[in-house]
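Worksheet: one structure, shown below.
The values are calculated or read from the model by the stated rules, or taken from the named source; none is laboratory data. Predicted model only: the values in this text are computed from it and were never measured. In this analysis, Cβ positions are derived from the backbone assuming ideal geometry, glycine residues included, and neighbour counts consider all displayed protein chains. Just so you know, the surface numbers come from the protein's heavy atoms only, side chains and all, with ligands and any DNA or RNA stripped out. Shrake-Rupley method; radii C 1.70, N 1.55, O 1.52, S 1.80 Å.
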Amino acid sequence: MSETTARRFEAYAQQVDAKFVGPETLLRNRLKLLRRAYRPLAPALARARRVLDWGCGAGELLLFLSEATEAELVGFDPSTSQLAAAAARCRDLPRVRCTADSGQAEGPFDLVFTSHVVEHVPDGELRDFFQALLGRLAPDGKLVVATPNGLNPLAHAFYMASDVTHVRMHSPFSLNELVVPFGYQVTEVRRETPQSYDLASFAKTLTWWLSSLPLRLALYANAGGVRGLRFPLEMAATFYCVIERVAAPEPRA
């Protein structure tokens, strides 16, 4: 990660702190959401011995992972303020280690998570970003990338307008293109949000279900070649991809 990008993450973390410092209810709801969203990864988490959260922020995902796996957990983040929050939240969890030194987050890891990080990475650094993450995986490891959904016009408008540090919106298709040169590919695409865990979140999920079909039909009508795409059109507000090795990496020109 370049120095410029590291400074951008530090500035972003301060903005997040200013926006969202509030009651622990927000954290409890976030954990409920994560439990539902990442339930399909339960078998992989049960088998894992080492798991990395790259860009761990204030430690929400680390708290979820500490419930979901017995593995050693490492959280990396270049923001000192966010890392301090993560360390405080995880101080009673002996299997969790938080660090701002990427050298202390070396592999191999059975699972590497990077949650809502890739949309902050400039185009010119995306290859190095994925090379660093994939290089930390065990041979049969999985990379899990969560990000806002560039295919959903409402999500695109909100996430690009609400955060000046978001530089690109991604889709499963763009993420797949980024990892194929390394011999990897997207093998699963799943909805991260919305998830239903109480009355308010049920209402959000129902609204999404009702709006999803018209959005998908509109995209089918406006985008050429959609019927030949490898992945289904996921129209959720945010999604995550599971990325696994499928071949030897392509030689770099």
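Taken across the stretch 123-132, residues that are open to solvent by less than 50 Å² (accessible area, probe 1.4 Å) and either in a loop (DSSP other than H, G, I, E, B) or within 14 Å of residue 51 (Cα to Cα) (or both) do not occur at all. Is one or more of the residues making up the stretch 50-64 more than 18 Å from the chain's Cα centre (by Cα), modelled with pLDDT of 95 or more, of a type in the set (Lys, Arg) and under 20 Å from residue 141 (Cβ atoms)? No, the stretch 50-64 contains no residue that is more than 18 Å from the chain's Cα centre (by Cα), modelled with pLDDT of 95 or more, of a type in the set (Lys, Arg) and under 20 Å from residue 141 (Cβ atoms). Scanning the stretch 100-118 for residues being in contact with a Lys or Arg (Cβ under 8 Å, 6 or more places away or on another chain), modelled with pLDDT under 95 and among the charged types (D, E, K, R) gives a total of 1.
When residue 80 is tested against (1) closer than 28 Å to residue 201 by Cβ; (2) open to solvent by 10 Å² or more (accessible area, probe 1.4 Å), only condition (1) is not met.
Among the residues of the stretch 101-110, is any of a type in the set (Asp, Glu) and in a helix (DSSP H, G or I)?
Of the residues in the stretch 101-110, the ones of a type in the set (Asp, Glu) are 101, 106, 110.
Narrowing further to those that are in a helix (DSSP H, G or I): none.
Looking through the stretch 101-110, none of the residues is of a type in the set (Asp, Glu) and in a helix (DSSP H, G or I).
Residues in the stretch 160-170 that are without any contact (Cβ under 8 Å) to a residue 40 or more places away in the chain and surrounded by 15 or more Cβ atoms within 10 Å (Cβ to Cβ): 160 alone.
Restricting attention to the stretch 172-194, the residues being free of Cβ contacts under 8 Å to residues at least 40 places away in the same chain and either within 13 Å of residue 118 (Cα to Cα) or not acidic (Asp, Glu) (or both) number 1. For residue 5, the criteria (1) open to solvent by less than 10 Å² (accessible area, probe 1.4 Å); (2) modelled with pLDDT of 95 or more; (3) of a type outside the set (Phe, Trp, Tyr) hold in every case but one, which is (2). Among the residues making up the stretch 97-127, a single one is over 12 Å from residue 76 (Cα atoms) and free of Cβ contacts under 8 Å to residues at least 40 places away in the same chain: 124.
Scanning the stretch 98-118 turns up at least one residue that is at positive phi and surrounded by 15 or more Cβ atoms within 10 Å (Cβ to Cβ). In summary, residue 67 fulfils each of the numbered conditions (1) at pLDDT 90 or above; (2) in contact with a helix residue (DSSP H, G or I) (Cβ under 7 Å, 6 or more places away or on another chain); (3) open to solvent by 80 Å² or more (accessible area, probe 1.4 Å) with the single exception of condition (2). Pairing each residue of the stretch 135-147 that is more than 15 Å from residue 44 (Cβ to Cβ) and at pLDDT below 95 with any residue that is open to solvent by 10 Å² or more (accessible area, probe 1.4 Å) and part of a strand (DSSP E or B), provided the two are 6+ apart or on different chains, yields no C-beta distance under 9 Å. At pLDDT 95 or above, open to solvent by less than 20 Å² (accessible area, probe 1.4 Å) and assigned to a helix (DSSP H, G or I): does that describe residue 179? Criteria met by residue 179.
Here's the yes/no breakdown for (1) part of a helix (DSSP H, G or I); (2) open to solvent by 20 Å² or more (accessible area, probe 1.4 Å); (3) of a type in the set (Phe, Trp, Tyr):
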| site | (1), (2), (3) |
| --- | --- |
| 175 | yes, no, no |
| 206 | yes, yes, no |
| 210 | yes, yes, no |
| 215 | yes, yes, no |
| 220 | yes, yes, yes |
| 239 | no, no, yes |
| 243 | no, no, no |
| 247 | no, yes, no |
